[in-house]
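Enquirer: Before we start, here is the structure in question, set down as structure tokens.
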Amino acid sequence: MKKSIDIICIGEVLIDFIGHQIDTSINRTKDFHRFLGGSPTNVAVNATRLGLKSVLVATCGQDGLGDYIVRKLKANNVITSQIKKIDYKPTSVIFVSKSTGTPDFIPFREADAQIDPSQISDDLLEKAKIFHTTCFALSKDPARTTILESAKRAKQLGLKTSIDINFSERIWNDREEAKLVLKEYLATDPLVKLSEDDCYRLFAESKTEDFIFEYFHGLGASTICLTKGKEGVVLSDKTFGLFHQKAMAVSEIKDATGAGDAFWTGFLYAQLLNKNFTDTIHLAQKLAVLKLQNVGRLPTDIDISSFLEVE
């Protein structure tokens, strides 16, 4: 079957209310601006800006915020046929501090976890190349079971799986349960993205690079990309070894929210183009830097592919 979809993104769709005042606590933030949010949602939207075909599998409320979500997704050319609206839970929202570092947040989770198997058919999977999700999305049922079972089917059908291990104890307060669920997902050999902050939260203490790579390789992942903020990126691949890349200079950081999603979109984009890991990380970093210089989404007044200078 012809692969007409580049990336299926499955997981949380929500509204980010991002603080207007920069580098202050939520306690001190006076007002918030509304943005389309959710890590897989960001990847799906970013992917279309790169000329890819993306489908978002997610659930929101049958309410004004849900209407806003679908309208914004369609405006960004994301395929919305697998978005479900429900009337028994409202759209999930998160209040986020605007920050040049790791932002603070308060989640109000409602509809986002109500993803069921009817939203992911074998026909949909057979048309796609990459199946991407997040630790956030795996934190609650029924979405968790739906995603795990769908990922196994995706693997059998020849898709490359992917995960952003964006673990937070505020979203998932049982670390041991999280590790068991991640073990099940990583058995599909996904491309893995995680940050030092994610690792600190998952293990409740600092871990060395060697420990992190050995741990996640041991669960079945061949390729692990560890982002380290100002210290750059380190990638470990079972076949090709270690890759270190310094952080790119950023003239002005306006908002760090979504920078990791921009990075990972660039990473998946480069892998779809069969780039080597050095070029893949470089392209991913360029997209993350562009996001850091903008509040909310990637800028709409430039051609992203031209900016990335992809050959």
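Enquirer: Going by what's in this entry, would Asp279 be described as modelled with pLDDT under 95, closer than 26 Å to Cys135 by Cβ and among the charged types (D, E, K, R)?
Expert: It is false that Asp279 is modelled with pLDDT under 95, closer than 26 Å to Cys135 by Cβ and among the charged types (D, E, K, R).
Enquirer: Hey, could you check segment 252-273 for residues that are of a type in the set (D, E, K, R) and more than 11 Å from the chain's Cα centre (by Cα) and say which is modelled with the lowest pLDDT?
Expert: Result: Asp255.
Enquirer: Could you tell me which numbered condition Lys30 fails, if it satisfies all but one of (1) farther than 30 Å from Lys155 by Cα; (2) part of a loop (DSSP other than H, G, I, E, B); (3) under 16 Å from the mean Cα position of the chain (by Cα)?
Expert: The failed condition is (3).
Enquirer: Considering every residue within segment 170-181, establish whether at least one is closer than 25 Å to Ala44 by Cα and part of a helix (DSSP H, G or I). Before you say what the answer is, go through the steps one by one.
Expert: Initially, segment 170-181 is screened for residues closer than 25 Å to Ala44 by Cα, giving 170-172, 178, 181.
Still in the list and also part of a helix (DSSP H, G or I): 178, 181.
The answer is yes, given that some residue of segment 170-181 is closer than 25 Å to Ala44 by Cα and part of a helix (DSSP H, G or I).
Enquirer: Oh, and also: Checking His20 against (1) touching a residue at least 40 places away in the same chain (Cβ under 8 Å); (2) outside any loop (DSSP other than H, G, I, E, B); (3) out of contact with any Asp or Glu (no Cβ under 6 Å at 6 or more places or on another chain), which single condition isn't satisfied?
Expert: The number of the failed condition is (3).
Enquirer: Also, quick follow-up: Just checking, how many residues over segment 144-154 are among the polar types (S, T, N, Q) and open to solvent by 40 Å² or more (accessible area, probe 1.4 Å)?
Expert: Residues flagged as among the polar types (S, T, N, Q) and open to solvent by 40 Å² or more (accessible area, probe 1.4 Å) within segment 144-154 amount to 1.
Enquirer: Looking at segment 18-58, which of its residues are open to solvent by 40 Å² or more (accessible area, probe 1.4 Å) and among the hydrophobic types (A, V, I, L, M, F, W, C)?
Expert: Passing the criteria: Ile22, Phe32, Phe35.
Enquirer: From the list Leu157, Leu124, exactly one residue is modelled with pLDDT of 95 or more, over 14 Å from Asp6 (Cα atoms), among the aliphatic types (A, V, I, L, M) and surrounded by fewer than 24 Cβ atoms within 10 Å (Cβ to Cβ). Which is it? Before the answer, list the steps.
Expert: On the way: Leu124 fails: over 14 Å from Asp6 (Cα atoms).
One residue alone meets the criteria, Leu157.
Enquirer: At pLDDT 95 or above, farther than 18 Å from Lys291 by Cβ and touching a Phe, Trp or Tyr at 6+ places or on another chain (Cβ under 9 Å) - does that describe any residue in segment 80-91?
Expert: Quick first cut of segment 80-91, residues at pLDDT 95 or above only: 80-91.
Okay, now just the ones that are also farther than 18 Å from Lys291 by Cβ, so 80-91.
Retained after the next criterion (residues that are touching a Phe, Trp or Tyr at 6+ places or on another chain (Cβ under 9 Å)): 90-91.
Looking through segment 80-91, at least one residue is at pLDDT 95 or above, farther than 18 Å from Lys291 by Cβ and touching a Phe, Trp or Tyr at 6+ places or on another chain (Cβ under 9 Å).
Enquirer: State which residue is nearest to Gly220 (Cα to Cα) when the search covers only segment 163-194 and only residues that are surrounded by fewer than 15 Cβ atoms within 10 Å (Cβ to Cβ) and not basic (Lys, Arg).
Expert: Taking the candidates together, the pick is Leu180.
Enquirer: Output the number of the condition that Asp141 fails; it satisfies all remaining conditions of (1) surrounded by 15 or more Cβ atoms within 10 Å (Cβ to Cβ); (2) without any contact (Cβ under 8 Å) to a residue 40 or more places away in the chain; (3) of a type in the set (Asp, Glu).
Expert: (1)
Enquirer: If you check Thr59 against the conditions, is it among the hydroxyl-bearing types (Ser, Thr, Tyr), within 21 Å of Ile120 (Cβ to Cβ) and part of a strand (DSSP E or B)? Lay out the reasoning, then the answer.
Expert: On the way: among the hydroxyl-bearing types (Ser, Thr, Tyr): yes; within 21 Å of Ile120 (Cβ to Cβ): yes; part of a strand (DSSP E or B): yes.
Criteria met by Thr59.
Enquirer: Report, by residue number, each residue of segment 1-17 that is open to solvent by less than 10 Å² (accessible area, probe 1.4 Å) and outside any strand (DSSP E or B).
Expert: Of everything in segment 1-17, those that are open to solvent by less than 10 Å² (accessible area, probe 1.4 Å) and outside any strand (DSSP E or B) turn out to be Gly11, Glu12, Val13.
The values are calculated or read from the model by the stated rules, or taken from the named source; none is laboratory data. Only a predicted model underlies this, so the values are computations on that prediction, with no experimental measurement involved. Here the Cβ is made from the backbone with ideal geometry for all residues, glycine too, and neighbour counts use every protein chain on show. SASA here: full protein model, heavy atoms, side chains in, ligands and nucleic acids out. Shrake-Rupley method; radii C 1.70, N 1.55, O 1.52, S 1.80 Å.
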